[in-house]
Structures are given as structure tokens and as C-alpha cells.
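See structure below.
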Amino acid sequence: MPLVTTTEMFKKAYNGGYAIGAFNVNNMEIVQGIVEAAWELHSPVILQASAGARKYAQPAYLKHLVEAAVEATNNEIPIAMHLDHGADFEICKSCVDNGFTSVMIDGSSRPFEENIAVSKQVAEYAHEHGVVVEAELGTLSGVEDDVNVAAENAQYTDPDKVVEFVEKTGVDSLAIAIGTSHGAYKFKPGTVPHIRLDILDEIVKKLPGFPIVLHGSSSVPKKYVDIINANGGALRDAVGIPEDQLREAAKRAVCKINIDSDLRLGLTAGIREHLQAHPDHFDPRQYITDGRAYVKEIVHDKIINVLGSENKA
Ligand code: G3H
Ligand code: 13P
Ligand code: ZN
């Protein structure tokens, strides 16, 4: 099985009441940690690259790392390669032309009609090339690349607009804003977050059978924040999305759940813990190994506790 699109994954996930994890990749050890967990649990997985990842690692390296993951797992699990938050037609086209099997066009900060126009343009091009498209309606708060959307400017997705949007654009899945947000510092300490499953339900009524995507779905596990802070770090208290609420969303129409910040915390926690215990070490293979182990542990936990995608490969 070479890289696959998400079409089949989403169909099975929707009908089976689970979701596929879409994990951001920036280097080899992150790819390995994610894929080893998915392979062990026999779970499909989406590896996604943001503009920042492409700038950091270069598109060619990312592409070949993801292809290496397919080879290293003996083609035993479905792996899709996805562009995260494509800003315009050009970047989506370049990814379609370079082997991605799925792209996101993020027109969510544009006026409704403009979002429709650019999403439709991407969908037409991608579909001609056998690639699937995710678009977004509604705005999440938080930080993604250079865009920082303040909470007061975030907007829940309007259920009355989703049918028109999907029909006019022809996209394959829709990212919605129901209270999740990007980054590790999602809510003030002491806040009890509630994602708006009621809005999700309204959207599902309007778009039965249509795959929904949740961005900003890190739960910011205290374990890794504590490890970082116990080993020389100085992270503020952070509150993420409760895993039981994400699990609920996955049981409904949410077929793709995006996680990046938690992996960053895990990698950093492992590296800090290692260097604190072994201040004389300077071989990256020693300390990154521990970071990679936490990435794997986190993805393992997500598959079991949030996604429900074990043994669905
Ligand atoms: O949604 C944003 C992702 O977490 C990617 O973050 O743009 O810093 O790579 P990045
Ligand atoms: P987190 O920052 O919550 O991990 O969200 C990642 C994301 O939505 C990537 O597109
Ligand atoms: Zn996102």
C-alpha cells in the first residue's frame, strides 16, 4: 500500500465511530515516533506538514521521510500525507504536484465568498490529480504559523452555512470551529473547557455522512509539562482540550483530529529529562531517542483514549 488518500479512512471512521489522528511532522524522530505507535496498534494515520514544517525541514526531506515511513512499516498500515493549513492555491498546487495525497486550503480568515472561491479552485485542481481536499469554515483562536487569532476574534462555525459551502466548493472534508484552539496555551489555568458538541450535532444534521475535522485538539497532558518544568523548563500552566470530549466528537462525525502541540511537549520533555540526568551527554542520538519515545507514547495514548482507531488499519 503506497501513500493513500483519506477517502477510505474517513468512510470507515465515520461508520465505525472513531477518528484518524493527524499528527504534525517536522523531523525524522517525530515521524518515527508517530508511525511506530500507529504500526504497533495497527491504526491508520495521517502525517501532516505545515508551512512552518516545510520551511524548517524542506519539502523534499518531509516527502521522503513520509515515504520512508510507508516502507519501514512494510505497507501494513494506511498512511496519508496531508498539507496542513495551505494558505492559498499555489501552495496547495505545489503539494498536489509533489506527492501529497491530501491538502487543506485554509480560507477561514477570508470573507465567506472568497473562502468558497479559493476552496473550489483547490478542490477542482486536486481532484483532477486524485488528491482530496479539506477546507475550513469558522475561525479557531490560538497560534498557527505567523497567524495569531485572539480568542475574541474566533468564531464558531455557523451551521446554516455549511451546506452551501460544501456544495459550492466540492471539498471532501470540513474543519469546523467549535471551541478548540491552536497551541499549548489554549485556556487560562482554572478554566474547564467545553467544546460545543451541540454545534457539531447541528452541523451533522445538515451534512449527514460528511467527514468533519477538528484542529487545535492537543490536550496538553500535565505529565509532559511537569517533566519539562522539573528538568530546567519554565512553562506556564497550560489547559488543553479534555480527551473525553474529543472522544465524544470522534464517536460522532469527526473523522480527523489534529495534534501537534502535545508532540512538541513530548519531544522536549524527553530531551530535557535525558540531559538533566546525563549532563555529560552530547550525542544527539542519546537524548533525541528519549524525546522520540515520548512522542510514541503520546500517539499510543491518543489512539487508545481519543481516536479509537486501534486495529482499524
Ligand atoms: O496548526 C498549526 C500547527 O500546529 C502547525 O504549527 O505552523 O508552527 O508548524 P506550525
Ligand atoms: P494543537 O496546537 O492543539 O496541537 O493543534 C494542531 C493543529 O490543529 C494542526 O493543524
Ligand atoms: Zn490546525
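Points worth noting:
- Greater than 23 Å apart at Cα, pairs in LYS11/LYS206; LYS63/LYS222; LYS222/LYS312; LYS93/LYS206; LYS11/LYS63; LYS55/LYS93: LYS63/LYS222; LYS222/LYS312; LYS93/LYS206; LYS11/LYS63
- Gaussian network model of the chain, Cα within-10 Å springs - most flexible of ASP172, ASP244, ASP260: ASP244
- Only the Cβ atoms of Lys and Arg (+1) and of Asp and Glu (-1) were treated as charged; on that basis the dipole of the chain about its Cα centre amounts to roughly 400 debye.
- Kirkwood hydrodynamic radius (C-alpha pairs) into Stokes-Einstein, the chain, 10 °C and 1.306 mPa s, D in µm²/s: 82
- Counted by Cβ distance under 14 Å from GLU273, the other residues give a net charge of 0, where Lys and Arg count +1 and Asp and Glu count -1.
- The range 79-113 residues near the modelled GLU164 label - backbone nitrogen below 19 Å, point 7 Å along Cα→Cβ: 107-113
- Histogram of C-alpha separations across the range 186-241, 5 Å bin width, %: 4, 15, 19, 17, 14, 11, 8, 6, 4, 2
- Cut-off 11 Å between beta-carbons: net charge of the residues surrounding GLY170, Lys and Arg +1, Asp and Glu -1: -1
- The helix-only estimate of mean residue ellipticity at 222 nm for the chain, built from DSSP H runs of length n ≥ 4 each weighted as -39500 (n - 2.57), is -14000 deg cm²/dmol after division by the residue total.
- Cα centroid separation, the range 274-313 to the range 44-102 (Å): 21
- Length-normalised contact order for the range 222-295 - Cα pairs under 8 Å, 6+ apart - percent: 36
- Of ALA234, MET104, HIS194, farthest towards positive along the dipole that unit charges on Lys, Arg, Asp, Glu beta carbons give the chain: HIS194
- Share of Cα-Cα pairs in the range 60-123 lying beyond 15 Å, as whole percent: 55
- Our note on the geometry: Cα centres of the range 241-271 and the range 185-226, 9 Å apart.
- Under the criterion of Cα pairs below 8 Å and six or more residues apart, the relative contact order for the range 156-313 equals 23 percent.
- Comparing GLN121, GLY17, LEU47 along the charge dipole axis of the range 1-149, the residue lying farthest to the positive side is GLY17, per the Cβ-charge model.
- Residue with peak Gaussian network fluctuation, the chain [Cα springs, cutoff 10 Å], from ASP237, ASP201, ASP283: ASP283
- Environment charge at ALA238 (Cβ cut-off 13 Å; Lys +1, Arg +1, Asp -1, Glu -1): +3
- Computed over the chain with a Gaussian network model linking Cα atoms closer than 10 Å, the most mobile of ALA230, ALA13, ALA135 is ALA230.
FYI, it's all coordinate maths here, none of it is from the lab. Everything numeric in this text was worked out from a predicted model, so none of it was measured. Because the Cβ atoms are built from the backbone with ideal geometry, glycine has one as well, and the counts that use them run over all protein chains shown.
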